[in-house]
Each structure stands twice: as C-alpha cells, then as structure tokens.
Amino acid sequence: MTLSEEATERLADVVELQPTKNSELQDRWEMESGSEVHQYLENELGDYYFRDDNSLIRATAEAADLVDVEPGIESDPDAEGAPSRVRVPELQVQIVSVLAGPDEESESVVSVLHALRDEFDVDPDAEDVRSGLQSLRRKGVVEVEYRTVPTFRLAAPRDEIEVEAAN
C-alpha cells in the first residue's frame with residue numbers, strides 16, 4: 001500500500017505521539033471531530049495502526065519503519081515503570097520540568113499552571129495543562145493521585161527520564 005505525502009506525514013504523527021487518542025490527532029491535524037480522525041485512520045492508515053487494550057492509538061512496527069521519525073516513547077524492554085525517553089510537545093516538556101517529583105506531594109492542574117507561569121512566563125489554558133498531564137500519564141511519565149481533585153507527580157525521578165520537545 002503506497003501512502004500519499006499527507007498520509008505519510010500523518011503516520012509520522014501517530015508514531016511520534018503514540019500512545020495517543022483521537023483528540024490529540026484532531027488537534028494536530030486540525031480536524032473538526034474525533035470521528036473525522038477515526039475515519040481517516042481507518043481509510044488511509046488502517047494497515048499501520050492499532051488500538052491497544054486501553055483503546056489508545058499506536059503505530060505498528062511497519063509504520064515506524066516507513067517514516068523517518070523517532071517514536072514518541074522509548075523504554076528499556078527489561079525495565080518496568082516510566083519510559084527512559086519521551087518526545088512530547090513543548091508545553092509537556094515544561095510540565096515535566098515543574099511537576100512534583102515521585103517522592104513529593106502530587107499537584108493539582110492549577111498548581112502546575114501557576115508553576116508554569118512562574119518558571120516560563122507562559123500562560124497556557126488550564127485545559128491545555130490538564131490535557132498535557134493526561135497525555136504524560138498515558139505515556140507513563142506522570143502518575144495521578146485522586147484526592148478532592150486529581151493531582152499529579154512524576155512517575156520516576158526527573159534524571160531517569162529524558163524529555164525532548166517534538167517538532
């Protein structure tokens with residue numbers, strides 16, 4: 001199956017962002033709905049992606065070989081726990097740098113938002129911070145603790161995870 005240039009670029013997004021979900025691809029691809037993303041995946045990339053046990057979108061090994069993009073997540077196959085390296089959007093890189101460590105008290109979305117403002121002089125929407133935290137949680141970098149509100153902290157010491165900004 002030969003892919004168009006657009007399909008190849010979008011497949012590279014799947015490889016880079018995995019594990020991901022429709023809404024992340026919808027934002028990246030500037031589509032109107034998650035249904036539109038699903039249709040595109042099925043019609044154009046059906047042979048190159050699958051959904052894991054948590055219904056998250058992942059690229060096949062063949063897909064990763066087809067595109068010249070590093071996977072969004074790398075782990076030592078013999079190690080358990082957090083991945084050793086992730087490639088994520090810049091906001092998520094910043095989140096990792098300000099988020100509480102694994103032995104510290106977990107933080108709310110609002111707390112992380114304030115830390116981002118203080119550290120980086122940025123003003124992201126709270127929903128963007130929440131979405132970034134959840135994406136990092138799906139990648140195994142962040143863990144959630146449910147108190148009155150969900151709170152977050154790193155799943156492993158900061159120096160054990162290489163976090164790199166994706167293009």
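The values are calculated or read from the model by the stated rules, or taken from the named source; none is laboratory data. Here the structure is a predicted model, which is why all the values come from computation and not from measurement. Glycine gets a Cβ as well: all are built from the backbone with ideal geometry, and neighbour counts include every protein chain shown. We work out accessible area using only protein heavy atoms, side chains counted, and drop any ligands, DNA or RNA first. Shrake-Rupley method; radii C 1.70, N 1.55, O 1.52, S 1.80 Å.
For the range 5-23, residues that are open to solvent by 60 Å² or more (accessible area, probe 1.4 Å) and out of contact with any strand residue (DSSP E or B) (no Cβ under 7 Å at 6 or more places or on another chain) total 3.
What number of residues within the range 84-120 satisfy the criterion of being of a type outside the set (D, E) and part of a helix (DSSP H, G or I)? Of the residues in that region, 18 qualify. Scanning the range 128-152 for residues that are in contact (Cβ under 8 Å) with a residue 12 or more places away in the chain, part of a helix (DSSP H, G or I) and touching a strand residue (DSSP E or B) at 6+ places or on another chain (Cβ under 9 Å) gives R130, G132, L133, S135, L136, R137, R138.
For the range 104-122, give me each residue that is under 23 Å from E16 (Cβ atoms) and surrounded by fewer than 19 Cβ atoms within 10 Å (Cβ to Cβ). Hits for the range 104-122 are F120, V122.
Could you tell me which residue of the range 48-81 is farthest from D13 (Cα to Cα), considering only residues that are aliphatic (A, V, I, L, M) and open to solvent by less than 30 Å² (accessible area, probe 1.4 Å)? Looking at the filtered set, the residue picked out is L56. The condition of being over 24 Å from V142 (Cα atoms) and without any contact (Cβ under 8 Å) to a residue 60 or more places away in the chain holds for only one of L11, L66, that being L11.
For N43, indicate whether it is closer than 24 Å to L133 by Cα, of a type in the set (S, T, N, Q) and open to solvent by 70 Å² or more (accessible area, probe 1.4 Å). Quick ask: steps written out before the conclusion?
Details: closer than 24 Å to L133 by Cα: no; of a type in the set (S, T, N, Q): yes; open to solvent by 70 Å² or more (accessible area, probe 1.4 Å): yes.
Criteria not met by N43.
Here the condition is being within 19 Å of P19 (Cα to Cα), open to solvent by less than 30 Å² (accessible area, probe 1.4 Å) and not hydroxyl-bearing (S, T, Y); of G132, G101, it holds for G132 alone.
Inclusion of D125 among residues that are touching a residue at least 24 places away in the same chain (Cβ under 8 Å), within 20 Å of L25 (Cα to Cα), acidic (D, E) and open to solvent by 50 Å² or more (accessible area, probe 1.4 Å) is not warranted.
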